[in-house]
1. How much length, in nm to one decimal, is gained on full extension between Asp77 and Tyr95, taken as 0.36 nm per residue of separation minus their Cα-Cα distance?
2. When the Karplus curve 6.51 cos²θ - 1.76 cosθ + 1.60 is applied with θ = phi - 60°, which whole-Hz ³J(HN,Hα) does each residue of segment 49-65 get, with x for Gly and Pro?
3. For segment 86-230, with every protein chain kept in place, what is the accessible area per residue (1.4 Å probe, Å²)?
4. So, in nm, how far is label Glu146 from label Thr56 when the simple model puts each one 7 Å beyond its Cα toward the Cβ?
5. Report the convex hull volume per residue for segment 77-164, counting only C-alpha atoms, in Å³.
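The values are calculated or read from the model by the stated rules, or taken from the named source; none is laboratory data. Here the structure is a predicted model, which means the values were calculated and not measured. Cβ placement follows ideal geometry from the backbone for every residue including glycine, while neighbour counts extend to all protein chains displayed. All accessible areas refer to the heavy atoms of the entire protein, side chains included, with ligands and DNA or RNA removed. Shrake-Rupley method; radii C 1.70, N 1.55, O 1.52, S 1.80 Å.
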Amino acid sequence: MRALVGMLVALVVLLALAVGADRVVDYNVEKRAAESLAGQLGTTPDVDVAGFPFLTQWGSGRYERVTVTADRATLGDTRVEDVEMVLSDLRAPAYVSNERDVAAATAGSLRMTGTLPYGSLALPAGIKAKRNGTSRRTVHLSGEVEVLGQRPKFEAVVRVSLRDGQVRLEPRSVDFLGGIPSAAITALVRDNLTLTLSPDVPEGTAITGLAVADDGLDLTVTGTNVTMPR
């Protein structure tokens, strides 16, 4: 009986050591991945590798799901907040241990969500944007724009839509402050408020979802067989 108890104790100790080693390697790989992504995102994100045990995934170079989160990130020239990126069926070199290995990884699918702040929208100078009440499809623009040597002040309700992976702004109504300008100036102002925005997204992905929120435009970005940003 004592021998059996001793064997069970030894087995428990070995399992505990194995779990401890698994968690240590998991932590170090997640840390290395976060450091590798910091240069591309402009911030050091949190990286979480799902699944247990981790060592079998590490040895095979196949990961069921990896989640990357950051309060804010920069993709090219685009600033995005509240970023969550889920990489499924991630394939990487076995025993990944450096930035080169991370950069060689490919995700079977990628889904990213984030908010494009109103202040970072590529709008003409002098124009500010905010949510139009509680609408999920329109924003309120205000300010002034120079046309034909004049700078009429205005407020406008603009519809936001997604077209071919780009953000489209189209005025629904324009109200002028301090008098109604000529028909020609009115038409030019409306033309200036008809915009196509192309936020930077990871290579191999496209914007597939869009909604107006309090702090900006909520974007959903998806892609398949996406290589990690370099």
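1. Full extension of this stretch gives 3.2 nm more.
2. 9, 7, x, 9, x, 6, 4, 5, 5, 4, x, 8, x, 10, 10, 5, 7
3. Details: 7330 Å² over 145 residues.
Counting only protein heavy atoms, the per-residue value for segment 86-230 is 51 Å².
4. Those two pseudo-labels are separated by 6.6 nm.
5. Working: hull volume 14.4 nm³, N = 88.
Each residue corresponds to 163 Å³ of Cα convex hull volume.
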